[in-house]
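The numbers here are math on the coordinates, done by the rules we state, and not lab data. Computed from a predicted structure; not experimentally measured. Using ideal geometry, Cβ is built from the backbone for each residue, glycine included, and neighbour counts are taken over all protein chains shown.
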Amino acid sequence: MSSAAEKPKVDAASRAFSRFGLSGRTALVTGATRGIGKAIVEELAGLGADVYVCARSAEDLEARLAEWRTAGLAVRGSVCDVSERQQRLQLAERVAAEFGGKLHILVNNVGTNIRKPTVEYTEEEFSFMMRTNVESAYHLCQACQPLLAASGDGCIVFNTSVAGGPTAMRSGTLYAMSKAALNQLTKNLACEWAGAGIRVNSVAPWYTATDLALQVLQNESFKAEVLSRTPLKRIAQPEEVAGTVAYLCSPAAAYVTGQIIQVDGGYSVMGLY
Ligand SMILES: NC(=O)c1ccc[n+]([C@@H]2O[C@H](COP(=O)([O-])OP(=O)(O)OC[C@H]3O[C@@H](n4cnc5c(N)ncnc54)[C@H](OP(=O)(O)O)[C@@H]3O)[C@@H](O)[C@H]2O)c1
């Protein structure tokens, strides 16, 4: 092949690289010191984004920030319990100050679960689950909307769950309700904020190897049941969810909004197969 014929290949490669890359973009990822959040930070920063993170444990946060600095990743952050309104407002203010009043990417990753029969949930547990899983994400979207709009190319990704989808899956009623709420929030904001240049999507993972899921996956018979309903016959790794989040944040997904992408090894389409 002549060198003239090879040149367009290089151009195509660099065009593709920039479509999937995130350099020049700023991001806020909540719940970032472990599990899926940590993998999302590493994926976004690895693709060139300047990332701000938060978690509740100062010790874990300092340890992760030091690791990321050593790895040459542009990550900074502060302690924030996103279930607390005042702390969310402070977080949004810090991000505005760090990134000059603009933010390209908001990943609402924090979520937790209390598993028990529905009749046993207390009023406090209901409130805790809704504050942590729903209100935190909803309010951070509100607080960051002006920053996302100011970037001219804003993007929100929620980390929901297959538990918020069309089938009941024994994950706990409050968890399922909270994730279903995020799914609907995805669609409403996608339409309402499209005019402000903000895309809004969700990833809906199935069982993923993190501390949150390992609590139940340590039960071997439960794990076998999960695998029997998973066409790919394995639990997801956090990086596999993070890759989908990064795609949704990238220029390659510029025409994708209002979508809930199942990252589930085929669970949601298996039926009686
Ligand atoms: N793992 C799965 O199988 C699975 C499946 C479907 C969906 N998901 C969703 O994926 C998301 C991440 O789950 P994960 O499994 O990675 O969880 P994880 O292993 O428990 O990690 C949670 C992360 O969030 C932080 N965090 C928790 N509560 C917080 C709060 N109130 N404010 C700030 N940070 C907080 C934790 O640090 P601190 O404790 O220091 O705050 C930690 O960094 C959740 O929304 C979950 O519902 C997970």
Listed residues V245, V226, V53, most fluctuating in the chain (Gaussian network, C-alpha, under 10 Å):
V226
Using amide H atoms built in the peptide plane, which far-off residues or other-chain residues are under 5 Å from G77 H to H?
V53
Which residue fluctuates the most in the chain, going by a Gaussian network model with Cα springs under 10 Å, if the choices are A194, A58, A12?
A12
For V263, which sequence-distant residues (separation of 5 or more, or a different chain) have an amide H within less than 5 Å of its own amide H, given hydrogens modelled in the peptide plane?
A204, W206
List every residue whose amide H lies under 5 Å from the amide H of L28, counting only residues 5 or more places away in sequence or on a different chain, with H placed 1.01 Å from N in the peptide plane.
Y52, I105, L106, V107
Report ³J(HN,Hα) in whole Hz for each residue of segment 13-18, in order, from the Karplus equation J = 6.51 cos²θ - 1.76 cosθ + 1.60 where θ = phi - 60°; Gly and Pro get x.
5, 6, 5, 4, 4, 6
Mind listing the phi-derived Karplus ³J(HN,Hα) values for segment 102-118, rounded to whole Hz, using 6.51, -1.76 and 1.60 with θ = phi - 60°, and x for any glycine or proline?
10, 9, 8, 10, 10, 10, 7, 9, 4, x, 9, 8, 10, 9, 6, x, 4
Distance between Cα centroids, segment 99-144 to segment 61-82: provide it in whole Å.
21
Too-long pairs where the Cα-Cα distance tops 28 Å, listed order kept, from K38/K223; K116/K179; K9/K233; K38/K179:
K9/K233
So what is the relative contact order for the chain, in percent, with contacts set as C-alpha pairs under 8 Å and at least six apart?
19
Got a sec? Charge dipole of the chain, +1 on Cβ for Lys and Arg, -1 for Asp and Glu; which of A224, V119, N188 is way out at the positive end?
N188
Bounding extents of the chain in its principal axis frame from Cα atoms, largest first in Å, are 68, 48, 40
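When the dipole is taken about the Cα centre of the chain, and only Lys, Arg (+1) and Asp, Glu (-1) are charged at their Cβ, what size is it in debye, to the nearest 20?
Details: 26 positive and 26 negative charges, 122 e Å.
Taking the Cα centre of the chain as origin, the dipole is about 580 debye.
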Per residue of segment 86-95, in order, report the coupling 6.51 cos²θ - 1.76 cosθ + 1.60 (Karplus, θ = phi - 60°) as ³J(HN,Hα) in whole Hz, putting x for Gly and Pro.
4, 5, 5, 4, 5, 4, 4, 5, 4, 4
Which of these, K38, K116, K187, has the largest mean-square fluctuation under a Gaussian network model of the chain (Cα springs below 10 Å)?
K116
List the cysteines in the chain whose Cβ has no other cysteine Cβ under 4.7 Å from it.
C141, C144, C155, C191, C249
